[in-house]
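I have placed the structure first, in the form of structure tokens, so that the comments after it can refer back to it.
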Amino acid sequence: MRLATRVQTIGASPTLAMNARAKEMKQQGIDVVSFTVGEPDFNTPEHIAAAGIEAIREGFTRYTPAAGIPELKEAICLKLKRDNGLQYDPADVVVSNGAKHSIYNVLQALIDEGDEVIVPAPYWVSYTEMVKLNGGSPVIVSTKAGDDFKLRPEQLKAHINDRTKAIFINSPNNPTGAVYSQTELEDLAEILVPRGIVIISDEVYEKLLYDGAKFTSVAALGPEVKEHTVTINGVSKTYAMTGWRIGYAAAPRALAKAMANIQSHATSNPNAIAQKAAVVALTGDQTPVKKMLAEFTRRREQMIAEINAIPGLSCRKPEGAFYIFAHVASFFGKTICGRKINGSVDLAEVLLTEGHVALVPGAAFGDDNYVRFSYATSLDAIEKGMARVKDVLAQA
Ligand code: GLU
């Protein structure tokens, strides 16, 4: 069987693949500490889960409108107004099977063969692959640690041409945790908007902020910016609802309509029960969000301290999300447990096989000098896992 050309250049998602490998090893009885996937280890808050159970009991188990139930679209509009100062109409909102699916729909609706999409690196692993799957070319622009991994306006200008169709802005960023200030976003929007470039603003980590960092939603910069922006968000990270698969996009009306049409053919509605739960997540008691953030804050402190105490490892303090992007290039060229370390993939491999610690190599995020640790896991796991990392790296 000859597969389509479009799948020749992509593999499985490295975040999910590493997570699956760690789980497989656990199933074999190996005591693996996993810092791989960005998935809160908390259970979905009780009142949200109860809404899902209630939906099943009520028989809310049939098809819904393909782009989501009106009640959830209203709740999303309310959330966007309450939290982000954004005025959207339910007709501008499309609910999908996770924010990942929302992004895929955006690209399906926007990209023609040969269009370019700017992806500032380090980037979340699926942006580039989704652009390719939709016939576009990702234009990777590397940011610098010295710029806190944020795209500079002059870098952006240098990569725009007639084929530039869109750009990804992901603040707080996965994997670096960088958070763009309002001024920094304004400086980028000033370049993008007059050129008609669509801003795909992935805001899934907006509630995970530390040290007083402030979140700005790109579309809130002004009406003209909003006309060029698609706001992407979801309930997975904020409400510990990764398995429920509810994400959404709020977009200029014509784009929202196109996305809804695509979805109506590709998947139909997102899960009916999960939609009911998402309404309660967005409109109900927000106390669990604060509690989870307090816990993430403790874990972040712990992990930063542990990383910076290991000779050869270093990291900056991420302002958002729940990842630490640690610099590991000082190990390149060395040999650990008989394995020559030529890059982040080798380092991740040796940590997994020798230390039973799973993490994601930086190469997957477009910067081979780093590895990503997720601290969406318990303090005990952090302590145990980091002690193992220290032991393995001490053998370099
Ligand atoms: N976004 C999360 C991560 O980066 C979840 C896994 C994925 O879809 O990539 O770990």
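The values are calculated or read from the model by the stated rules, or taken from the named source; none is laboratory data. Quick caveat, the model's predicted, so the values are computed rather than measured. Because the Cβ atoms are built from the backbone with ideal geometry, glycine has one as well, and the counts that use them run over all protein chains shown. For the accessible areas, the whole protein counts, side chains as well, though only heavy atoms, and no ligand, DNA or RNA atoms are used. Shrake-Rupley method; radii C 1.70, N 1.55, O 1.52, S 1.80 Å.
Determine if segment 12-27 includes at least one residue that is farther than 24 Å from His356 by Cα, of a type in the set (Lys, Arg) and more than 16 Å from the ligand (Cβ to nearest atom).
Applying the first criterion (farther than 24 Å from His356 by Cα) to segment 12-27 yields none.
No - not one qualifying residue is present in segment 12-27.
Checking the stated criteria, Lys317 turns out not to satisfy the condition of being over 30 Å from Ala358 (Cβ atoms) and among the basic types (Lys, Arg).
You will find that of Asp41, Asp92, the residue that is charged (D, E, K, R) and surrounded by fewer than 20 Cβ atoms within 10 Å (Cβ to Cβ) is Asp41 and no other.
Per-residue answers, yes or no, for (1) within 16 Å of the ligand (Cβ to nearest atom); (2) among the β-branched types (Val, Ile, Thr); (3) touching a residue at least 40 places away in the same chain (Cβ under 8 Å):
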| position | (1), (2), (3) |
| --- | --- |
| Lys165 | no, no, yes |
| Thr176 | yes, yes, yes |
| Thr183 | no, yes, no |
| Lys214 | no, no, no |
| Glu224 | no, no, no |
| Glu227 | no, no, no |
| Tyr239 | yes, no, yes |
| Ile262 | no, yes, yes |
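Candidates in segment 113-127 are the residues that are in a loop (DSSP other than H, G, I, E, B) and in contact (Cβ under 8 Å) with a residue 40 or more places away in the chain; of these, the one that is farthest from the ligand (Cβ to nearest atom) is Gly114.
Yes or no, residue by residue, for (1) of a type in the set (Lys, Arg); (2) part of a loop (DSSP other than H, G, I, E, B); (3) at pLDDT below 95:
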site: Met18; (1), (2), (3): no, no, yes
site: Thr44; (1), (2), (3): no, yes, no
site: His47; (1), (2), (3): no, no, no
site: Arg62; (1), (2), (3): yes, yes, no
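Yes/no per residue for (1) out of contact with any helix residue (DSSP H, G or I) (no Cβ under 7 Å at 6 or more places or on another chain); (2) loosely packed, with under 11 Cβ neighbours inside 10 Å:
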| position | (1), (2) |
| --- | --- |
| Ala4 | yes, yes |
| Gln8 | yes, yes |
| Thr15 | no, no |
| Asn19 | yes, no |
| Asp31 | yes, yes |
| Phe35 | no, no |
| Ile53 | yes, no |
| Phe60 | no, no |
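For segment 137-149, the set of residues classified as open to solvent by 10 Å² or more (accessible area, probe 1.4 Å) and under 18 Å from Thr164 (Cα atoms) consists of Ser137, Pro138, Val139, Ile140, Ser142, listed by residue number.
None of Leu255, Leu347 is more than 22 Å from Glu39 (Cβ to Cβ), more than 20 Å from the chain's Cα centre (by Cα) and without any contact (Cβ under 8 Å) to a residue 40 or more places away in the chain except Leu347.
Looking only at segment 374-396, residues that are within 16 Å of the ligand (Cβ to nearest atom) and under 17 Å from Phe331 (Cα atoms) come to 0 in all. Could you count how many residues in segment 347-366 are within 16 Å of the ligand (Cβ to nearest atom), assigned to a loop (DSSP other than H, G, I, E, B) and open to solvent by 20 Å² or more (accessible area, probe 1.4 Å)? Count: 1.
Each row is one residue, and each column tells you yes or no for (1) open to solvent by 10 Å² or more (accessible area, probe 1.4 Å); (2) in contact with a Gly (Cβ under 6 Å, 6 or more places away or on another chain); (3) under 30 Å from Leu80 (Cβ atoms).
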site	(1), (2), (3)
Ser268	yes, no, yes
Ala281	no, no, yes
Asp285	yes, no, yes
Thr297	yes, no, yes
Ala305	yes, no, no
Gly312	yes, no, no
Lys334	yes, no, no
Val345	yes, no, no
Asp368	yes, yes, no
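In segment 148-156, the count of residues that are of a type in the set (Asp, Glu), in contact (Cβ under 8 Å) with a residue 12 or more places away in the chain and under 26 Å from Glu39 (Cα atoms) is one or more. From the list Tyr88, Tyr104, the one residue that fits, being of a type in the set (Ser, Thr, Tyr) and assigned to a loop (DSSP other than H, G, I, E, B), is Tyr88. Residues in segment 290-344 that are within 16 Å of the ligand (Cβ to nearest atom) and aromatic (Phe, Trp, Tyr): Phe296, Phe322, Tyr323, Phe325.
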